[in-house]
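One structure below.
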Amino acid sequence: MIIHTKKKLFAGLTCWLAFAGILAAVVTRQGWVREFDRRVYAFTQPVRPWKTGLFSIITTCGDPFVIDVLTLFPILLLIYKRHFRQALWVGVMQYIGYLLVIGIKYSVLRVRPIHRLVNVGGYSFPSGHTFATTIFMLTVLSLVWPVLKKRWQRCLLVIAIIFVIVLVMLSRVYLRAHFPTDVTAGLLLALGWWLLFSVYFFVKGRL
């Protein structure tokens, strides 16, 4: 238990240190940020109607509002089963966590990329879609993990969750709703939040 907690704390702090590094680089407009954004954005090209349609659907599924609604289902299920502490953990993880994203967005005030393929307002750094999706998928992972007894089932679940998160991240970059550094920062912020906050809330069968 102690070793597990220390590893989780170390991993969470590492993610947040990496996030802080990107944040500082974005604020000070470091050259590597532009180069990183350019290279990753080029990877998502060219623009095609079918890709735009597909990624528009994916990005809608990863919308924080949609994720907030989906989060209610595990919360209500946990309450129904009288797992009140776990229900609180899920709610705080998602809803309070997103307030952290909003606070950072309105502190950094990074303008979104030009030539966007979707109509989106607000500020760019970090990606709220990436944060909300990552937190939700990791929460699902932690709750479903103890139910799966076979190794291949758990491996398949992990692969599926990584796949979903990556797709949402790619959709935000392809649609020019975010810079690649935005989605990378959103992922690191979410991982750090999930790991660090999980230390203080006991979740049955947690990883």
Worksheet, complete the sentence: Rounded to whole Å², per residue accessible area for region 88-174 with a 1.4 Å probe reads 48 Å²
Fill in: Label-point separation in nm, V166 to F65, each point 7 Å along Cα→Cβ
3.0 nm
Practice prompt. Determine the equivalent ellipsoid of region 1-80 by diagonalising the alpha-carbon gyration tensor, then write out the semi-axes as square roots of 5 times the eigenvalues, largest first, rounded to whole Å.
Written response: 31, 27, 11
Practice prompt. With a point put 7 Å past each Cα toward its Cβ, work out how far A42 is from A24 in nm, to one decimal.
Written response: 2.8 nm
Response to the item:
With a Förster distance of 25 angstrom and the Cβ-Cβ distance between L72 and L148, calculated FRET efficiency to the nearest 0.05 equals 0.60
Worksheet item: Lys/Arg Cβ at +1, Asp/Glu Cβ at -1, dipole of region 78-181 taken about the Cα centre: which of V108, I79, V120 is farthest positive-ward?
Response: I79
Practice prompt. Return the calculated 222 nm mean residue ellipticity for the chain, to the nearest 500 deg cm²/dmol, obtained by summing -39500 (n - 2.57) across DSSP H runs with n ≥ 4 and dividing by the residue count.
Written response: -24000 deg cm²/dmol
Worksheet item: What spacing in nm lies between the two simple spin-label points modelled at W32 and R85, each 7 Å away from Cα in the Cβ direction?
Response: 4.2 nm
Practice prompt. Over the chain, with every protein chain in place, what whole percent of the accessible area is carbon and sulfur at 1.4 Å, could you tell me?
Written response: 73 percent
Item to complete: Take peptides 117-124, 171-178 and line them up by average Cβ neighbours within 10 Å, highest first, as a rough protection proxy.
Response: 171-178, 117-124
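The values are calculated or read from the model by the stated rules, or taken from the named source; none is laboratory data. Just so it is clear, the structure is predicted and the values come from calculations on it, not from any experiment. Because the Cβ atoms are built from the backbone with ideal geometry, glycine has one as well, and the counts that use them run over all protein chains shown. In case anyone asks, the SASA skips ligands and DNA or RNA and just uses the protein heavy atoms, side chains included. Shrake-Rupley method; radii C 1.70, N 1.55, O 1.52, S 1.80 Å.
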